[in-house]
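Notes follow the structure.
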Amino acid sequence: MQDTKPRGRLFRIWDSDVAASFRRSPVAIISGLVALIIVLAAIFAPWIAPTNPYDPSSLNLMDGFTPPMQPNAFTGSTYLMGTDNQGRDVFSTILYGARISLFVGVSAVLLAMVLGISAGLVAGYRGGWVDAVLMRVADVQLSFPSILIALLIFGVARGIIPPTQREAMAIWVLIVAIGLSDWVQFARVVRGATMVEKGKEYVQAARVIGVSPLRILIRHILPNVMGPVLVIATISVALAIIAEATLSFLGVGVPPTQPSLGTLIRIGQQFLFSGEWWILLFPALTLLALALSVNMLGDWLRDALNPRLR
Amino acid sequence: MTKPLLSVRDLVVEFPTRRGTLRALDGVSFDIAPGEVLGMVGESGAGKSITGAAIIGLIEPPGRIAGGEVWLGDTRIDQLAPEAMRRLRGRRIGMVFQDPLTSLNPLYTIAQQLIETIRTHMDVSEKVARGRAVALLDRVGIPAAARRIDDYPHHFSGGMRQRVVIALALAAEPELVIADEPTTALDVSVQAQIIDVLKEICAERGAAVMLITHDMGVIAETADRVAVLYAGRMAEIGPVRDVILAARHPYTAGLMGSIPTLQHAADRLVQIPGAMPRLDAIPAGCAFNPRCPQVMDRCLSARPGLKPVAPNHAAACWLADTGVTHG
Amino acid sequence: MAEPFLTVTGLTRRFDVSKPWLNRVLEREGRQFLTATADVSFSINKGETFALVGESGSGKSTIAKMIVGLLTPSAGQIAIEGQGIDPADPIAMRALRRRMQMIFQDPFASLNPRWRVGDIIAEPIRTLGLMPRGDVGREVGRLLDLVGLSAADASKFPHEFSGGQRQRIAIARALSSRPEFIVCDEPTSALDVSVQAQILNLMRDLQDEFKLTYLLISHDLSVVRHMSNRIGVLYLGRLVEVADAKRLFHEPQHPYTRMLLDAVPDLALSGRRRKSVSGEIPNPISPPAGCAFHPRCPQVKAECKAAVPVLCATPTGRAACVFAGGAPASIP
């Protein structure tokens, strides 16, 4: 008989193998810290950022092209990461840009998760033609690069949405474009895991007493397939942030009035060869740090949830 | 008694975990004489498979042998380098596992695997090795061995595969065969065939067998002596007949009583209350004390050593001499 | 004689084991079917334990799954107290589900690892709406108590329990709808023998207390001998012998039954030599013609290869063997 007393949820989380593996892994701790700092800084950007770069009244064109940590020749102001061509504080634009990037990345992945998990659960549980149709659609989609899919969706959305609303809707279009291009891997993993779980006896036990298929999927199978989903979701957030940056860099992403990290990089690269390296470098480094740390967290999570791979 | 072929002394195997070190084997000692069949029984987690793995140096890290000695003839083998151990496995110790598919490589034919094993350990030509392989397959009861030798493992049924594994284990004429649950994955009607083959062919070649199983029935029919493990410790060891019919450890007695038999239908089975402790919660004193019907104060604090109770028969119980009530 | 509780008539189940369509076209192969259960008929009386024994491929688990509604029969009838089961009638099925439960083989797979024990046990009560919400907690405690655990265990997760304790939880779940009939699919084959004894004893106690009817599926003849009143022996999806438990062990009528009995290791060291049986179970996709056992049968005759023998009355029950003699038995 076990003599462990039932303890609180927090204790169980702290005491779990995953938490222990986190405490043992310096890579995980460092990536976790980096990601956490960027995420917190992005969330609290309006309170942290020295200026609001999108408030035209606070901009002074005379401040343009101030190098980092050097006083501006005309106004004497000093900026941590310098300013861009319009005199916006680069540090502030990064904080606001990371906000947009994270929002787009996380929302797109949530959308992809909802679509992919639903499709995977149904395909894996029902099998037969439902499975065949869903998985062939997935196969077709996988045979195109996802950035092409996103561009395609973006183009279609442009055609549908009236020009007056394009700017306001841009972020949502971006989210849908990236989310739709990314559901396949969730669907595949969930389908495989569902096929394994549905053969297990706890599912049969529920069927014997007449639990409805929907309830079996949601209450029984879903919690047991979430492990691999979380791993993919984490890595997908990194990929979605990069995809968003790519699209914005190509100019089809968010409008310059609400620049994301990708937009900042696109703006910055215009000035790279004229010597104003900081306009490009700092947003690029932030994107790198964010994507890399989230990715490494995902890698660690995969190992922690899958002891066989260690 | 003749000099033992395999001698295990005070073997300790530990698995470090983040919640402390688990002792999977705690001071296990036994001998196997040349040509003898020693059965090793115990519940899952009792340490019987780990004993086999420790002998052949296949404890999965981070587990390790933390104490004791293993001697094969005059060689101490528990501290051999991996390379030397690899040469020893197959050549001097053959292995048969529960699932024949783990012992056979699905990508190679039976012939390739057998010939490779024979030629790795013996200096013979390909042709001679092939002849031997066919003879071996024929001996373990594969019909049309000369033709079927070029088949792949998946062409064989479960029982036939296990015969192939036995042939593979005996290919280099080892002195000892360690068989870990060789019949557990097989159907009842096939189990008897495999046990017969294993027993006969080892007897023929003078190979000793360490037969690890949870099935007392298999032991009763096959083994000369039996060792009973409980929570990583040796509870009792002795000739099969004595242990089965006159157990001296209350655990063995309870175990025997709890097995339903075909002979007499009892209304209720004798049951040992509770379950074997987890390795992280082994009680002080005798590990069996929480479940023992004859527990005394002494059992709670002092761990009984393995005491001889009759020729060749020893039990680790404070009551071993005075007598154990049979359930 | 009283009406049997469960009657199974001509139960047959085929599985489509064909390769995917494209492979079939490319490899010029037809569809392939595996007959897991062929024309199986038996009945179970109220309060008795009826056992189905057989080796792998005998179809015993398929029969269990059809009875509890996890699989639909390809042909044949299942009736409870004379009332045929119609899977298409949701209201009737709901009433039946309450009366019928199942205990599974693997206690590590039969409990959802993400659920607390209390929720696992309460699931049948909640799904079938058998009790007001407020009473469920107390009922779960009572059930845990009944199977030898404590009410406090309801808040734990399955991984905190040993195999035997998990099987007790599975039994508590099966009892929670207060069923009359429990299908036990290899309930102890994943457990150690000392724990197996506990579970078998518990199952017997519960049977006495609640007048339960059991269908016990097992490959272990000693367990079957210990638990059952009547036994059906299956070979390659067909029932080859049905007999009173005690008599089956003393006077096996079918050569396969005799072979199974001979293959059981002799624990009492009575000196009985276990007879080795030749051959293995054939592939169920292409079973031998006639009596499926004929390639392994020591008494095989020409007529065994010609036609599938029907179940005939024997002194102990019924057997499907030309040597078992007698006229074809009517289905009881």
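Here is how the numbers come out for the structure above:
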| item | result |
| --- | --- |
| Residue match in region C:68-78 (condition: in a helix (DSSP H, G or I) and modelled with pLDDT under 85) | no |
| First in region C:138-152 and under 10 Å from C:Ile169 (Cβ atoms), second anywhere and open to solvent by less than 50 Å² (accessible area, probe 1.4 Å) and basic (Lys, Arg), Cβ under 6 Å, 6 or more apart | C:Val147/C:Arg168; C:Leu149/C:Arg168 |
| Condition check for C:Pro252: within 12 Å of another protein chain (Cβ to nearest Cβ), in a loop (DSSP other than H, G, I, E, B), out of contact with any Phe, Trp or Tyr (no Cβ under 7 Å at 6 or more places or on another chain) and at pLDDT 85 or above | yes |
| Residue among B:Ala253, B:Ala247, B:Ala231 that alone is under 19 Å from the mean Cα position of the chain (by Cα) and either touching a residue at least 60 places away in the same chain (Cβ under 8 Å) or on the phi > 0 side of the Ramachandran plot (or both) | B:Ala231 |
| Among residues of region C:216-260, those that are over 25 Å from C:Asn283 (Cβ atoms) and among the aliphatic types (A, V, I, L, M), counted | 9 |
| Any chance B:Thr213 is without any contact (Cβ under 8 Å) to a residue 12 or more places away in the chain and within 12 Å of chain C (Cβ to nearest Cβ) | no |
| Conditions (1) over 30 Å from B:Leu279 (Cα atoms); (2) out of contact with any Gly (no Cβ under 6 Å at 6 or more places or on another chain); (3) open to solvent by 80 Å² or more (accessible area, probe 1.4 Å); number of the one not met by A:Arg9 | (1) |
| Test: residue in region B:36-58 that is in contact with a Phe, Trp or Tyr (Cβ under 6 Å, 6 or more places away or on another chain), assigned to a loop (DSSP other than H, G, I, E, B) and open to solvent by less than 50 Å² (accessible area, probe 1.4 Å) | yes |
| Sole residue being of a type outside the set (Val, Ile, Thr) and over 16 Å from C:Ala51 (Cα atoms), chosen from C:Asp185, C:Asp205 | C:Asp205 |
| Hits in region B:191-210 (condition: closer than 15 Å to B:Met95 by Cβ and either open to solvent by 30 Å² or more (accessible area, probe 1.4 Å) or not aliphatic (A, V, I, L, M) (or both)) | B:Cys202 |
| Residue match in region C:21-31 (condition: in contact (Cβ under 8 Å) with a residue 24 or more places away in the chain and either away from chain B (no Cβ under 14 Å) or surrounded by fewer than 21 Cβ atoms within 10 Å (Cβ to Cβ) (or both)) | no |
| Cβ-Cβ under 6 Å pairs, at least 6 apart or on other chains, region B:100-112 side small (Gly, Ala, Ser), far side at pLDDT 80 or above | B:Ser103/B:Phe97; B:Ser103/B:Val165; B:Ala111/B:Ile149; B:Ala111/B:Asp150 |
| Residue that is nearest to C:Leu130 (Cα to Cα) [pool: residues in region A:207-222 that are under 27 Å from the mean Cα position of the chain (by Cα) and within 10 Å of chain C (Cβ to nearest Cβ)] | A:Arg219 |
| Tally of residues being in contact (Cβ under 8 Å) with a residue 60 or more places away in the chain and either over 30 Å from A:His220 (Cα atoms) or buried (at least 20 other Cβ atoms within 10 Å of the Cβ) (or both) across region A:108-154 | 18 |
| Test result for A:Val104, touching a residue at least 60 places away in the same chain (Cβ under 8 Å), part of a helix (DSSP H, G or I) and either exposed (fewer than 15 other Cβ atoms within 10 Å of the Cβ) or among the β-branched types (Val, Ile, Thr) (or both) | yes |
| Residue count for region B:59-100, restricted to those that are part of a loop (DSSP other than H, G, I, E, B), under 18 Å from the mean Cα position of the chain (by Cα), under 14 Å from B:Leu6 (Cβ atoms) and not β-branched (Val, Ile, Thr) | 2 |
| Positions within region B:135-167 being surrounded by fewer than 18 Cβ atoms within 10 Å (Cβ to Cβ) and either touching a strand residue (DSSP E or B) at 6+ places or on another chain (Cβ under 8 Å) or farther than 22 Å from B:Gln191 by Cβ (or both), in sequence order | B:Ala135, B:Ala144, B:Ala146, B:Arg147, B:Asp150, B:Asp151, B:Tyr152 |
| Sole residue being surrounded by 21 or more Cβ atoms within 10 Å (Cβ to Cβ), at the interface with chain A (Cβ under 10 Å from one of its Cβ atoms), touching a residue at least 12 places away in the same chain (Cβ under 8 Å) and touching a Leu at 6+ places or on another chain (Cβ under 6 Å), chosen from C:Ile125, C:Ile103, C:Ile120 | C:Ile120 |
| Neighbours by Cβ (under 7 Å, 6+ apart or cross-chain): first from region B:269-281, facing chain C (nearest Cβ under 8 Å); second among the hydrophobic types (A, V, I, L, M, F, W, C) | B:Leu269/C:Ala197; B:Leu269/C:Leu200; B:Val270/C:Ala197; B:Gln271/C:Ala197; B:Ala275/C:Val195; B:Met276/B:Ala46; B:Met276/B:Ala231 |
| Of the criteria (1) of a type in the set (Phe, Trp, Tyr); (2) within 12 Å of chain B (Cβ to nearest Cβ); (3) crowded, with 23+ Cβ neighbours inside 10 Å, which one C:Tyr214 fails | (2) |
| Enumeration of residues in region C:154-177 that are under 11 Å from C:Val117 (Cα atoms), open to solvent by less than 10 Å² (accessible area, probe 1.4 Å) and away from chain B (no Cβ under 14 Å) | C:Pro158, C:Ala170, C:Ala172 |
| Test: residue in region C:48-65 that is within 9 Å of chain A (Cβ to nearest Cβ), part of a strand (DSSP E or B) and surrounded by 18 or more Cβ atoms within 10 Å (Cβ to Cβ) | no |
| Region C:154-165 residues that are touching a residue at least 12 places away in the same chain (Cβ under 8 Å), paired with ones that are surrounded by fewer than 21 Cβ atoms within 10 Å (Cβ to Cβ) and hydroxyl-bearing (Ser, Thr, Tyr) (beta carbon under 8 Å, 6 or more apart) | C:Gly163/B:Ser44 |
| Test set (1) open to solvent by 20 Å² or more (accessible area, probe 1.4 Å); (2) part of a loop (DSSP other than H, G, I, E, B); (3) at the interface with chain A (Cβ under 9 Å from one of its Cβ atoms); (4) closer than 25 Å to C:Ala36 by Cβ - C:Arg97 fails condition number | (2) |
| Qualifying residue in region B:104-117 (condition: charged (D, E, K, R) and in contact with a Leu (Cβ under 9 Å, 6 or more places away or on another chain)) | no |
| Selection within region B:175-190 - under 16 Å from the mean Cα position of the chain (by Cα) and either crowded, with 24+ Cβ neighbours inside 10 Å or away from chain C (no Cβ under 14 Å) (or both) | B:Glu175, B:Leu176, B:Val177, B:Ile178, B:Ala179, B:Asp180, B:Pro182, B:Thr183 |
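The values are calculated or read from the model by the stated rules, or taken from the named source; none is laboratory data. Model, not experiment: these values are computed from the prediction. For neighbour counting, all protein chains shown are included, and Cβ atoms are generated from backbone atoms with ideal geometry for every residue, glycine included. Protein only, heavy atoms only, side chains kept; ligands, DNA and RNA dropped before computing areas. Shrake-Rupley method; radii C 1.70, N 1.55, O 1.52, S 1.80 Å.
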